[in-house]
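The structure appears right after this line, and notes come after that.
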Amino acid sequence: MNLDSYRHLADAEWLRASGLFVAEGRFVVRRVLQDAPDRVRSLLLTGTARAALGDALDRVPAGRPVFVVALEAMQAITGFNIHRGCLALVDRPASLDLASLVHRLGDARLVLALEEVANADNVGGAFRNALAFGAGAVVLSPGCCDPLYRKAIRTSMGATLGVPFARAPGWPRDLDLIRAAGFALVALTPAAGARDLAAFVSDPDRPSRVALAVGTEGAGLSAAVEAMADARVRIPMMPGVDSLNLATAAGIALQRIHETFG
């Protein structure tokens, strides 16, 4: 693999067709080298980034190139201002179908489902929250951003590499696979008719396993998802505020639900 491969950072289709994703930033690259060094195809680093990675580079498999260039050269090659000067091309893991994901949930009690969340920052933030608050998996509708898009990985601080995920091509009916595994489908919505989140989590009859569904900013969850939900919950806010950033809202709800599981 040569330097020309790094000219395709913005071409998501080329990366997927090549079976690759881009790890960006020292934290994410270090994590990949710790967790899955054999997947690393090559690295492109500035001298400063190479020094910062230190002993982590000892885990690069033999024969995999580590290119070290000046920051200006990196920007010329990639077409981006990679201000941390640290990139790796990594083999994508095998995709999971939804049935396989459900089979692997084991005793997980919390799942996050995202509907039409196309913004990479929101997907990355949602995965970061999912990891922090014990979600066993993330389920994605077809219109969601690729969690292995480099910006989503970076925003998630590598959480998209650690939390299992699958797409649900038959969304929303495929959510019934989650429900069949014993999860109550809980729709997060700002609608006035939804139940207060605090009341939901404090209810002694609350479900023992929850799949929290969160919709894209603006449109929110579709009517179809809300209609099939076992419960609809809302985060109470001050008058005049109608919504929160998606990742913020998901984080609040995941934390409150996770807390009830002890």
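Derivation of every value follows stated rules applied to the coordinates shown; laboratory data play no part. This is a predicted model, so every value here is computed, not measured. Neighbour counts run over all protein chains shown; Cβ positions are idealised from the backbone, glycine included.
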Assuming R0 = 45 Å, can you tell me the calculated FRET efficiency for the pair residue 192 and residue 94, based on Cβ-Cβ distance, to the nearest 0.05?
-> 0.55
Could you calculate, for the range 66-135, the ratio of the Cα radius of gyration to the Kirkwood radius, expressed as Rg to Rh?
-> 1.12
Normalised per residue, the volume of the convex hull around the Cα set of the range 3-91 (Å³) = 81 Å³
FRET efficiency, 1/(1 + (r/R0)^6) with R0 30 Å, evaluated for residue 2 and residue 71 via beta carbons = 0.95
In the set [x] 18.1; [y] 15.2; [z] 16.1, which value of mean projected area of the Cα convex hull in nm² was calculated from the structure you see?
-> [y]
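Pop the C-beta distance of residue 41 and residue 107 into the FRET formula with R0 = 45 Å and round what comes out to the nearest 0.05.
0.80
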Please check which bits of the range 25-45 a label hung off residue 58 would reach, taking the label as a point 7 Å along Cα-to-C-beta and the cut-off as backbone N under 14 Å.
-> 34
How big is the gap, in Å, between the Cα center of the range 128-167 and the Cα center of the range 62-124?
-> 9 Å
For the range 29-150, convex hull of alpha carbons as volume per residue, Å³ | 135 Å³
Gained length - residue 34 relative to residue 205, 0.36 nm times residue gap less alpha-carbon distance | 57.4 nm
Residues with amide H under 5 Å from that of residue 116, placed H, sequence gap 5 or more = 141, 143, 144
Can you tell me the relative contact order of the range 1-120? Whole percent, Cα pairs under 8 Å, sequence separation 6 or more.
-> 33 percent
How many nm separate the modelled label positions at residue 238 and residue 260, each set 7 Å beyond the Cα in the direction of the Cβ?
-> 2.7 nm
